[in-house]
1. How high is the relative contact order of the chain, in percent, with contacts defined as C-alpha pairs under 8 Å that are six or more residues apart?
2. Need the C-alpha centroid separation for region 195-249 versus region 33-79, integer Å.
3. Per DSSP H run of at least 4 residues, take -39500 (n - 2.57); add these up for the chain, divide by its residues and hand me the 222 nm value, nearest 500 deg cm²/dmol.
4. Could you list which residues have their amide H under 5 Å from that of Val93, counting only those 5 or more apart in sequence or on another chain, with H placed in the peptide plane?
5. Over 33 Å apart: what share of the alpha carbon pairs of the chain falls there, rounded to a whole percent?
6. Check which residues have an amide H placed less than 5 Å from Gly136's amide H, if you skip close sequence neighbours.
7. Ranking request for peptides 127-134, 194-201: highest mean number of other beta-carbon atoms within 10 Å first, then the rest in descending order.
8. Given the C-alpha atoms of region 160-249, compute the convex hull and give its volume per residue in Å³.
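Nothing in this text is a laboratory measurement; each read-out follows from the coordinates by a stated rule. Computed from a predicted structure; not experimentally measured. Positions of Cβ are generated from backbone atoms using ideal geometry, with glycine treated the same way; all protein chains shown enter the neighbour counts.
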Amino acid sequence: MIMISEFMYELFSDMPRQGPGSNECTRKAYKLLPNLPSRPNILDVGCGSGMQTLELALISEGQITALDNYQPYLDDLKRRAEAAGLNNRIKTVNGSMFNLPFTDVSFDLIWSEGAIYIIGFRNGLLEWKPLINRGGYLVISELTWLNADIPDEISIYMKGEYPGIKTIAENMEIIRQVGYELVGNFTLPESGWWDDFYKPLRTRINLLGQKYTGNQEASEVLDASRQEIDMYKKYSPYYGYVFYLMQSK
């Protein structure tokens, strides 16, 4: 018997990334930030195996601290950083985003792709703000409603999967209330869901389905993952990941 949480980690191992995103969008978001230091100090929260971490190192010339709570992901990132000749600029930290082990005003930029939902959008903005240097930036991608007329099927599904999902306007208002200035926002294209995430995830589902034939716990996780992919294929016009770029006042 395996634990559901352990199986989830196994499912998303050996993947290019652990959630939707793309190097193109990482670059786009970074280039929209004005007046960053030439070699910024960056914190990547919930980095996973670090595809975006490596891209940030390539485009920023900065020092990057990559935080995740699953050591095999960090080990994978270390191997990839070394292979790319970037290990001298990427430091990995095994820790929780609920209790970041850093002193205040430590970073010019905090980055988090597809992970802030774990702590909650508003809570993450509040908790991480003291770590940002004055005039520094926070960039996150967050699952967001893109359309006002939400079909019942996806509305009900999302209430079970991510009840905290909001519209772009609602998230922009939270950003204002917490004390950030919105620099920009844009929606991840559908290719950012498929190319480096759902397509390889399908391969992992098939592989582990064979490995854990007859295992009820594994079957439940795999069925839920198949449903997630099917829901996005059917309802992608109604929700997606939105990058929010904000400056700390």
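1. With pairs under 8 Å counted, the relative contact order is 25 percent.
2. 23
3. Helix-only estimate at 222 nm: -12500 deg cm²/dmol.
4. Here the answer is Ala66, Leu67, Asp68, since their amide H atoms fall under 5 Å of that of Val93.
5. Of the Cα pairs, 17 percent sit more than 33 Å apart.
6. Ser248
7. 194-201, 127-134
8. 127
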